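Enquirer: Provided herewith is a single structure, encoded as C-alpha cells, for subsequent inquiry.
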Amino acid sequence: MLRGYQLMASLRRDVQAARWAYVRAGLEPIPVHAGKKQPIAKGWPTMPTPEQWQQADTTSNIGLRLGGHSQQAVIDCDTDKTAAETRAGLTGLGLPLLEVVTGSRGRHFYVKINPDTLPNRQLYYFEQRNGIKGELRFGAGSMVVAPYSKTKNNYKFIRGRIANWTQAQPVNFADLTAVLPQIKTTQIEYNELP
C-alpha cells in the first residue's frame with residue numbers, strides 16, 4: 001500500500017487536481033474503484049477522507065460523499081426528459097447550474113440543501129412515468145462518482161464550475177422537491193450506515 005507522497009505521486013494528475021479542487025470548494029472527495037461506483041474504503045460514510053485516500057491506488061477514480069458540512073445533494077437524472085425538467089426547475093429557483101454528464105450519459109445536478117430542512121432519508125426516487133427516471137441523493141451514506149473519473153464514458157462538467165461551489169446558496173428541501181419531477185417513494189440506498 002502506498003503512503004503519503006508516494007500515493008500523491010502515483011495517482012493520475014487529473015484525479016489529484018480534481019481532489020484538491022473539490023476540497024477547496026468545501027466538498028468531500030473519496031476514492032472509488034476504477035470503472036465502478038463503489039468507494040474503496042469499507043467505512044467510507046464516516047471515515048475521514050484523508051484516511052480513505054491512503055487506500056487508493058494508481059487506477060482509483062474519484063467520488064463525492066454527500067451531505068455533512070458541504071450540504072451537497074445530487075439530482076441524478078437517468079433520462080433526457082428528467083434532466084430537462086430538473087434543469088428548468090433549478091433555473092426557476094434561480095439556482096446556479098452545476099451539471100455533470102455521467103458515465104452512462106445521464107446527468108447529475110449538484111445543489112446545496114439547507115440541512116435544517118432535511119427529512120431523515122438518503123435517497124428519493126422520482127415517479128417513473130412518461131420518460132421520468134432518477135433520484136435525489138443526499139445525507140449520510142450517499143455518494144456519487146465525480147468528474148475526472150474514467151469509466152466507459154467519462155464523467156465531466158458540462159455547465160458551471162466547481163470553483164463557484166463555495167458561493168452557491170443552500171435551498172430548502174421543500175422548495176427543491178416542489179420543482180423536481182414527482183417524487184414517489186423514499187428508500188435508503190446504502191447499507192453501510194452507522
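Enquirer: Using θ = phi - 60° and the Karplus curve 6.51 cos²θ - 1.76 cosθ + 1.60, what whole-Hz ³J(HN,Hα) does each residue of the stretch 159-164 get, with Gly and Pro shown as x?
Expert: Taking θ as phi minus 60°, the curve returns 9, x, 9, 5, 4, 8 Hz for the stretch 159-164.
Enquirer: What residues have an amide H closer than 5 Å to that of Glu28, excluding those fewer than 5 places away on the same chain, when H is modeled at 1.01 Å from N in the peptide plane?
Expert: Amide H neighbours of Glu28, under 5 Å, 5+ apart: Arg65.
Enquirer: In whole percent, what relative contact order does the stretch 73-117 give with Cα contacts below 8 Å and a gap of six or more residues? Walk me through the numbers on the way to the answer.
Expert: Numbers: 46 pairs, mean separation 22.0, N = 45.
RCO, the stretch 73-117: 49 percent.
Enquirer: Within the stretch 133-162, find all residues whose amide N lies under 20 Å from a label point positioned 7 Å from the Cα of Ser104 along Cα-to-beta-carbon.
Expert: Residues passing the 20 Å test: 133-139, 141-158.
Enquirer: Where Lys and Arg each count +1 and Asp and Glu each count -1, what net charge lies around His69 among other residues with Cβ under 15 Å from its Cβ?
Expert: +1
Enquirer: Using a Cα-Cα cut-off of under 23 Å, which lysines could be cross-linked to Lys133, ignoring same-chain neighbours fewer than 8 residues away?
Expert: Those lysines meeting the cut-off are Lys36, Lys37, Lys81, Lys112, Lys152, Lys156, Lys184.
Enquirer: Moving on to the next point. What FRET efficiency comes out for the pair Lys37/Asn172, r = Cβ-Cβ distance, R0 = 35 Å, nearest 0.05?
Expert: Details: r = 29 Å, r/R0 = 0.82.
Efficiency for this residue pair is about 0.75.
Enquirer: Let me ask something else. Go through 64-75, 158-169, 34-45 and give me the packing order, highest mean Cβ count within 10 Å leading.
Expert: So the order, starting with the most tightly packed, is 64-75, 34-45, 158-169.
Every read-out reported here was derived from the displayed coordinates using simple, explicitly stated rules and does not represent laboratory data. A quick note: this is a predicted structure, and the numbers were derived from the prediction, not measured. All Cβ positions, glycine included, derive from the backbone under ideal geometry; neighbour counts span all protein chains shown.
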